[in-house]
Structure formats: C-alpha cells, structure tokens
Amino acid sequence: MSEKHMIRCNACGKEQAVSAEGIQEEFLKIQKTWGYFSEKDGEVHRFSLCEACYDRIRRQFKLPVEIFEYEP
Ligand SMILES: [Zn+2]
C-alpha cells in the first residue's frame, strides 16, 4: 500500500488523490491566521480550490491577479 491522502476543493467538493509523485491536478491552498484587528482574532482559516474554481472565482475580481513567469 502506498501512502495516499485526498485533497478536496472546498468550493465544488472535487476530490483528488495525492500520491508520492504529487497530484495530477494542482490545487490552490490558502491558509490565513486572522489577527487582532479582524473579527476572527486567533482563528486559522484554511481551504483548497481546484483550478476550475480558482479560475471562476478570480474572474469575479475587480482587479486581475498578477501573473508572471516562475523563476527558480
Ligand atoms: Zn473546485
């Protein structure tokens, strides 16, 4: 048995197995620790989005996301 766990998109519920080689489809993972000046002081929020949901959500942004080439 290989080590496997699942990653799920919080928006649509799509599930993807994560294996040692990585995942077939990339997910956006966001984690935010809310601080004193928020209404969620001390809470950590974490969620994942599949690429389709990420694209759908970012199209609703008033300003486009910054896109540039990855330079290792
Ligand atoms: Zn999704």
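The values are calculated or read from the model by the stated rules, or taken from the named source; none is laboratory data. This structure is a prediction, so every number in the text was calculated from the model and none was measured. Positions of Cβ are generated from backbone atoms using ideal geometry, with glycine treated the same way; all protein chains shown enter the neighbour counts. These accessible areas exclude ligands, DNA and RNA; they are computed on the full protein's heavy atoms, side chains included. Shrake-Rupley method; radii C 1.70, N 1.55, O 1.52, S 1.80 Å.
Things worth noting here:
- Look at (1) in contact with a helix residue (DSSP H, G or I) (Cβ under 6 Å, 6 or more places away or on another chain); (2) modelled with pLDDT of 95 or more and you find that Val44 fails only one, number (1).
- Selection status of Arg46, open to solvent by 60 Å² or more (accessible area, probe 1.4 Å) and either in a strand (DSSP E or B) or on the phi > 0 side of the Ramachandran plot (or both): yes
- In segment 24-43, the residues that are of a type in the set (Ser, Thr, Tyr) and either open to solvent by 100 Å² or more (accessible area, probe 1.4 Å) or in a loop (DSSP other than H, G, I, E, B) (or both): Tyr36, Ser38
- Residue in segment 52-66 that is open to solvent by less than 100 Å² (accessible area, probe 1.4 Å), at pLDDT 95 or above and more than 16 Å from the ligand (Cβ to nearest atom) present: yes
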